[in-house]
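Only the coordinates and a few stated rules stand behind these numbers; no lab work does. These numbers were taken from a predicted model, which means no experiment stands behind them. Because the Cβ atoms are built from the backbone with ideal geometry, glycine has one as well, and the counts that use them run over all protein chains shown.
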Amino acid sequence: MQLLGIIRNRKIYHVQTRNNPDWSKLLPKSNWIALTVAHEGDEELIPIVANACLDRNASYICCSGELSKLSEEYFDEEIAWSAVEVPSILETSPITTSHHNLEEGFWFASTIADTDRYTVDTVVCIDLTEVKVKDLLCKLIEQINIGWIPPD
């Protein structure tokens, strides 16, 4: 996992799932925001990433990319199934969002996403793609730090 920069006191990290078999062990253990990036062809990784994020107590989960809706639905389904076994889990379950546009999803995760339950100062961008989005994330960090916001 690599620190890419800081936005508004939030540390922004990137981890690539395809070339790092131990990526999930690097995730924070609690109070963090997950930004997943998944495109066509990454479907098989969504369940693995979802389980890792939920096991590591992500407070907020922002799904982005071509498979953002599918990713969010998978997270929501896993949360719902957990609630069947332990109903009280819904009180602390993460909030999920979907952003087809990576730039918008990253902006949301790094600036707006928040929870009243915890102080969240870490965003981990979990890259499921083969295209590797790290360079784009670095550019977005620079742009957001000088005031860029996504267009409507």
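Worth a mention:
- With 23 Å as the limit, the listed pairs K25/K132; K69/K132; K25/K69 have K25/K69 beyond it between alpha carbons.
- Full-stretch length increase - E73, I146 - with 0.36 nm per residue and alpha-carbon distance subtracted: 22.9 nm
- Full-extension gain in nm, L3 to D121, via 0.36 nm per residue minus C-alpha separation: 41.2 nm
- Computed extension length for E85-S30: 17.7 nm, one decimal, from 0.36 nm per residue of separation with the Cα-Cα distance subtracted.
- Loop-located trypsin sites (Lys or Arg not before Pro) in the stretch 81-152 (DSSP state other than H, G, I, E, B) with a sparse environment of at most 16 neighbouring Cβ atoms within 10 Å: R117, K132.
- For the chain, relative contact order (Cα pairs under 8 Å, six or more residues apart, normalised by length) works out to 36 percent.
- Across the alpha-carbon atoms of the chain, the computed radius of gyration and Dmax are 14.4, 46 angstrom.
- Between the stretch 9-53 and the stretch 102-152, the Cα center-to-center distance that results, in Å: 14 Å
- Computed [θ] at 222 nm, deg cm²/dmol, the chain (DSSP H ≥ 4; -39,500 (n - 2.57); rounded to nearest 500): -9500 deg cm²/dmol
- Applying a DSSP loop filter and a limit of 12 other Cβ atoms within 10 Å to the trypsin sites (Lys or Arg not before Pro) in the stretch 14-71 leaves K29.
- Pairwise label distance in nanometres, K11 with I112, each label 7 Å out on the Cα-Cβ vector: 2.6 nm
- GluC sites (Glu not before Pro) within the stretch 41-143: DSSP coil, no more than 12 neighbouring Cβ in 10 Å: E130
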